[in-house]
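Here the structure is laid out as structure tokens; the discussion comes afterwards.
The values are calculated or read from the model by the stated rules, or taken from the named source; none is laboratory data. None of these values were measured; they are calculated from a predicted model. Backbone-built Cβ (ideal geometry, glycine too); neighbour counts: all protein chains shown. Each accessible area value is taken on the protein alone, full model and side chains, heavy atoms only, with ligands, DNA and RNA left out. Shrake-Rupley method; radii C 1.70, N 1.55, O 1.52, S 1.80 Å.
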Amino acid sequence: MTPVEAQQAALAGEHAAVYLFGVLGAQASQSRQPALYARLLDAFHVHRRRRDQLSVAIAAAGAEPVAAEVSYDLPALGTPAELNDAALQVERRIARTYGQLVESTAGAERRWALVALDDSAVRQLEFRGTPEMFPGTA
Amino acid sequence: MRSQTRSGDANLSFTRRWTSRRTLLAIGLGTVATAATAGCALNNPLHEEKTPTARAVRDLDPDVAVAAEAVTLLRGAEAAVTATGQRHAGLAARLAGVLAAHQAHVARLVDSVPDGVDTSGTATAYVVPERPAAALAQLRATEQSLHDGLVGLAMRARSGPFARLLGAMAAATSQQLHGLAR
């Protein structure tokens with residue numbers, strides 16, 4: 001996978017993450033689940049920022065950044081536990097995408113991917129994930 | 001999270017097979033063999049003299065050197081965790097996950113380097129503070145240093161899969177740090 005292909009894959013993942021965290025945040029109650037709401041909102045902002053950074057990087061490399069899908073399939077989102085589970089799933093998947101980006105890049109791009117991988121791994125714990133031996137690889 | 005408008009969930013899926021651990025550093029094999037037969041490599045299987053890993057790997061393939069440095073870092077952190085748990089038994093259970101992660105990471109690295117490369121590492125003496133809170137704070141600093149070291153090594157790695165492995169170890173260390181901070 002070329003660096004740009006890996007960036008495009010990460011961007012596609014971030015498009016999905018932004019969409020899903022937007023939906024998850026909308027499903028959470030700020031008054032009844034303030035902690036969960038805050039975590040979802042924070043994740044939404046982080047992924048939106050990463051999406052924008054990837055778009056800029058891909059365009060700077062002379063490629064056309066992939067567009068977001070019109071919509072994405074959603075898991076069951078009836079309870080706070082289901083919101084947590086969905087958020088955790090998103091973070092695990094995006095961590096694997098960043099693992100691929102680390103593998104496919106060098107220099108500043110790799111450093112950026114390492115930070116993103118690190119952040120996603122820690123964010124998994126905030127959504128009731130458990131520590132892994134090798135986050136972003138499985 | 002599958003797209004409703006395009007096929008598959010390639011946007012978030014990861015289907016690439018994990019590269020064999022043995023192949024991660026395969027590029028180093030040739031260099032190791034060449035260096036060993038030329039008599040310029042330290043700690044090689046054809047040379048009886050044992051020397052510190054940092055020097056031993058100097059002339060070897062760059063990624064073998066990175067792996068050996070990572071092992072040294074991890075063994076140092078592992079020794080710090082072990083010493084802290086022994087000095088403060090009340091912390092031992094809390095440190096179990098950190099210790100398990102370090103041991104898993106060392107095992108993966110040792111399994112990755114070519115046979116004959118010395119990965120015994122040389123951990124420096126670790127003095128555990130008397131008070132548990134101080135011991136934990138010092139250990140967090142040690143783990144942070146390990147994390148930063150692993151990130152630096154991931155940046156240096158020439159093999160993409162090996163960089164990913166080191167990045168995963170750094171991320172795992174961050175997860176453990178998160179747990180220690182709570």
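Observations
- Sole exception among (1) open to solvent by 60 Å² or more (accessible area, probe 1.4 Å); (2) of a type in the set (A, V, I, L, M, F, W, C); (3) within 11 Å of chain A (Cβ to nearest Cβ) for B:Leu165, by number: (1)
For every residue, the table says whether it meets (1) closer than 18 Å to B:Arg182 by Cα; (2) surrounded by 20 or more Cβ atoms within 10 Å (Cβ to Cβ).
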residue	(1), (2)
B:Ala68	no, yes
B:Glu78	no, yes
B:Arg87	no, no
B:Gly90	yes, no
B:Ala93	yes, no
B:Gly97	yes, no
B:Ala100	no, no
B:His105	no, yes
B:Val110	no, no
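- Of all residues in region A:116-136, those that are out of contact with any Leu (no Cβ under 7 Å at 6 or more places or on another chain) and touching a residue at least 60 places away in the same chain (Cβ under 8 Å) total 4.
- Residue count, region B:116-158 (criterion: open to solvent by 20 Å² or more (accessible area, probe 1.4 Å), among the hydrophobic types (A, V, I, L, M, F, W, C), away from every other protein chain (no Cβ under 13 Å) and part of a helix (DSSP H, G or I)): 4
- Complete set of residues in region A:30-72 that are charged (D, E, K, R) and within 14 Å of chain B (Cβ to nearest Cβ): A:Arg39, A:Arg50, A:Arg51, A:Glu69
- Against the numbered list (1) under 16 Å from B:Ala137 (Cα atoms); (2) without any contact (Cβ under 8 Å) to a residue 40 or more places away in the chain; (3) small (Gly, Ala, Ser), B:Ala77 comes up short only at (2).
- Scanning region A:108-138 for residues that are part of a loop (DSSP other than H, G, I, E, B), more than 7 Å from chain B (Cβ to nearest Cβ) and open to solvent by 70 Å² or more (accessible area, probe 1.4 Å) gives A:Arg128, A:Thr130, A:Ala138.
- Of everything listed in (1) more than 10 Å from chain B (Cβ to nearest Cβ); (2) surrounded by fewer than 21 Cβ atoms within 10 Å (Cβ to Cβ), the single unmet condition for A:Pro75 is (1).
- The combined condition, being within 27 Å of B:Leu165 (Cα to Cα), open to solvent by less than 20 Å² (accessible area, probe 1.4 Å) and more than 12 Å from the chain's Cα centre (by Cα), is not fulfilled by A:Thr97.
- Residue within region A:44-56 that is basic (Lys, Arg), open to solvent by less than 40 Å² (accessible area, probe 1.4 Å) and assigned to a helix (DSSP H, G or I) present: yes
- Residue in region B:137-151 that is of a type in the set (Asp, Glu) and within 19 Å of A:Asp118 (Cβ to Cβ) present: yes
- Tabulated pairs, region B:81-98, first farther than 16 Å from B:Leu146 by Cα, second open to solvent by 80 Å² or more (accessible area, probe 1.4 Å) and in a helix (DSSP H, G or I), C-beta under 9 angstrom, 6+ apart or interchain: B:Gly85/B:Ala93; B:Gly85/B:Arg94; B:Ala92/B:Gln86
- Selection count where residues are within 11 Å of chain B (Cβ to nearest Cβ) and under 11 Å from the mean Cα position of the chain (by Cα), scope region A:1-24: 10
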